[in-house]
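Please read the structure below before turning to the comments.
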Amino acid sequence: MAFWSSTSVFTSKVPRKILFMFTLSLSVTYLFYSLMSCYNSLQFPLQENYVFQGRLVTEETTFATLRGKLYSASQGFTEADRSALSSVREHAEAEQRTVEWIRTPASPTKPAFHTTVLEREHQEFSTTDSDLRVNCTSDYGEKKLPQAIIIGVKKGGTRALLEALRVHPDVRAVGNEPHFFDRNYEKGLDWYRDLMPSTLEGQITMEKTPSYFVTNHAPKRIHSMAKDIKLIIVVRNPVTRAISDYTQTLSKKPEIATFEVLAFKNRTLGLIDASWSALRIGIYALHLESWMQYFPLSQMHFVSGERLIVDPGGEMAKVQDFLGLKRIVTDKHFYFNKTKGFPCLKKAGGQQHSPMSGQIQRENSP
């Protein structure tokens, strides 16, 4: 009995020691691997999918997509993981800003080798600008240089035509006159493009600046930008156009001479002063010679300012055909204002839209 009792005590103590050591070993091992796993996740978050050997983006994704995935992935991480992801995101954004700064013409001059290396690294480790533009276009549209321009003429009805065209869903146009090819050409095409509204596939970009028609270097400059561009010219009776032009000037400068004094060199002999701008603009053939040196007549469309008043739907049909657009802007978009004697655009809900009539009246009234 004594023997059994001592043996029992011995055998009960041995398993307890073994069990304790075994448990301790497992705990230490588990703790070690847990610490290693934590360390790797903090130092290299999302390495497998997004960061590899210093590459900020893969060939299959754009920088914008990367930022979105990093943000969405971080929602399920711990605070430490979010901090690490934030560091990666900030580093990526810093590189993107650096690349954009290098490509900015106004940036300070740097050694050619330094610029070349940075651009090469950007090409190797990031997507191209064209990829970013395509990505942007699919969601928000893209700013493009105009495919059609209303180049003239002043006081012919250009504003009325532009407002009517802007009703068309496939036309996006600048509201103000950019005056790029006559006053702001030194600012460059990037500046000009940035003025344009964003367009989606199938839409065309337009602008109107009537002074282009009488600017000597405008045809060459526009041809250098786009050889196949479409040009629209709104013409009107030269005499009524000149009177309308003079009336506008008189409202701003009441002290100017009378129309007769400015228009004639010798009224007795009937000699007109063709150097006076109000008359010179109306010598359409003179200005067309410059344009026809660079563009064929097939790329020009002439709109009758008088017909635009009496038959706006008919004139708009011709313009839409010329631009390759479906005939959406028709007679139903206009109503005739008996009080003013001019057509007006209707609002989307079919209501009368007075600003159109006011603009037409200002451009076409003597």
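Just so it is clear, none of the values below were taken in a lab; they were calculated from the coordinates. Computed from a predicted model, the values in this text were never measured in an experiment. Note that we place each Cβ from the backbone using ideal geometry, even for glycine, and neighbour counts take in every protein chain shown.
Taking 19 Å as the cut-off for C-alpha to C-alpha distance, list the pairs among LYS155/LYS332; LYS154/LYS332; LYS187/LYS230; LYS154/LYS252; LYS143/LYS318; LYS187/LYS252 that go past it. Each step should come with its number before you reach the end.
Numbers: LYS155/LYS332 25 Å; LYS154/LYS332 27 Å; LYS187/LYS230 23 Å; LYS154/LYS252 16 Å; LYS143/LYS318 27 Å; LYS187/LYS252 29 Å.
Beyond 19 Å: LYS155/LYS332; LYS154/LYS332; LYS187/LYS230; LYS143/LYS318; LYS187/LYS252.
Can you find, among SER224, PRO197, LEU250, the residue farthest towards the positive end of the dipole of the stretch 144-364? Put +1 on the C-beta of Lys and Arg, -1 on that of Asp and Glu.
Ranked along the dipole, the leading option is LEU250.
Evaluate the distance, in nm, between pseudo-label points positioned 7 Å from the Cα of ILE283 and of LYS144 along their respective Cα→Cβ axes.
Once both label points are built, they end up 3.8 nm from each other.
Once phi is turned into θ = phi - 60°, what whole-Hz ³J(HN,Hα) does the Karplus curve with 6.51, -1.76 and 1.60 give for every residue of the stretch 266-274, x standing for Gly and Pro?
9, 5, 4, 8, x, 7, 8, 9, 6
What are the residues whose amide H is under 5 Å from the amide H of THR199, where those residues sit 5 or more places off or on another chain and H is modelled from the backbone?
HN-HN under 5 Å from THR199: GLU142, LYS143, LYS144.
Report, in debye and to the nearest 20, how large the dipole of the stretch 191-343 comes out about its Cα centre when Lys and Arg carry +1 and Asp and Glu carry -1 on their Cβ. Show your work: numbers first, answer last.
On the way: 20 positive and 14 negative charges, 20 e Å.
In debye, rounded to 20, the stretch 191-343 gives about 100.
Assuming a ≥ b ≥ c are the square roots of the Cα gyration tensor eigenvalues, decide whether the stretch 144-364 counts as rounded (a/c under 1.5), prolate (otherwise, with a/b larger than b/c) or oblate. Show your work: numbers first, answer last.
On the way: a/c = 1.85, a/b = 1.19, b/c = 1.55.
Here the stretch 144-364 falls in the oblate category.
Just want to confirm a number: the relative contact order over the stretch 144-364, from Cα pairs under 8 angstrom separated by 6+ residues, in percent. Before the final figure, lay out each step's value.
Numbers: 333 pairs, mean separation 53.7, N = 221.
Over the stretch 144-364, the number comes to 24 percent.
In whole Hz, what ³J(HN,Hα) sequence does the stretch 206-218 give by Karplus (6.51, -1.76, 1.60; θ = phi - 60°), x for Gly and Pro?
9, 8, 9, 9, x, 5, 4, 4, 10, 8, 4, 8, 5
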